[in-house]
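The values are calculated or read from the model by the stated rules, or taken from the named source; none is laboratory data. Just so you know, these numbers come straight off a predicted model, no measurement behind them. We place every Cβ from the backbone using ideal geometry, glycine too, and count neighbours over all the protein chains shown.
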Amino acid sequence: MTGANIHDGDMLVVDRSIEPKHRHIVLAVINNEYTVKRLYHQDGVIELHAENAAYPPIRFGEHDELQVWGVVVGAVSRFAV
């Protein structure tokens, strides 16, 4: 998610009280693995997009299960020591 200024090793602030909406960055669970992606929800189709064009979108149909754990509201970066 470097395109959203989120880098490997960053600590994320996730708000579970916010309802995820179109274009929010979310923490989602897919096949028991956590991932951070941008949520797209249009015309009944839900997709999760990486901010890196090298990764294809993940599309969910009406029978697929997607668990959005929360909305990312901030990131804390570590400095090299």
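Could you list, in sequence order, all residues of region 1-28 that are among the β-branched types (Val, Ile, Thr) and modelled with pLDDT of 95 or more?
Initial filter on region 1-28 (among the β-branched types (Val, Ile, Thr)): 2, 6, 13-14, 18, 25-26.
Answer for region 1-28, where residues must be among the β-branched types (Val, Ile, Thr) and modelled with pLDDT of 95 or more: 13, 14, 18, 25, 26.
Just name the residue that is farthest from residue 16 (Cα to Cα) out of those in region 34-64 that are surrounded by fewer than 10 Cβ atoms within 10 Å (Cβ to Cβ) and more than 15 Å from the chain's Cα centre (by Cα).
Quick first cut of region 34-64, residues surrounded by fewer than 10 Cβ atoms within 10 Å (Cβ to Cβ) only: 42-44, 53-54, 56, 61-63.
Subsequent filtering for residues that are more than 15 Å from the chain's Cα centre (by Cα) retains 42-44, 54, 61-63.
Values: 42: 22, 43: 24, 44: 23, 54: 29, 61: 23, 62: 23, 63: 24 Å.
That would be 54.
Residue by residue through region 1-33, note down the ones that are hydrophobic (A, V, I, L, M, F, W, C), within 18 Å of residue 67 (Cβ to Cβ) and part of a loop (DSSP other than H, G, I, E, B).
Step one: list which residues in region 1-33 are hydrophobic (A, V, I, L, M, F, W, C), which gives 1, 4, 6, 11-14, 18, 25-30.
Among the residues that remain, those that are also within 18 Å of residue 67 (Cβ to Cβ) are: 12, 14, 18, 25-30.
Answer for region 1-33, where residues must be hydrophobic (A, V, I, L, M, F, W, C), within 18 Å of residue 67 (Cβ to Cβ) and part of a loop (DSSP other than H, G, I, E, B): just 18.
Residue-wise test of (1) among the small types (Gly, Ala, Ser); (2) out of contact with any strand residue (DSSP E or B) (no Cβ under 7 Å at 6 or more places or on another chain).
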position	(1), (2)
41	no, yes
46	no, no
54	yes, yes
69	no, no
72	no, no
78	no, yes
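Residues that are touching a residue at least 60 places away in the same chain (Cβ under 8 Å): which strands (runs of 3 or more DSSP E) entirely in region 34-81 hold 3 or more of them?
Values: elements: 45-49, 58-60, 67-76.
By residue number, 67-76.
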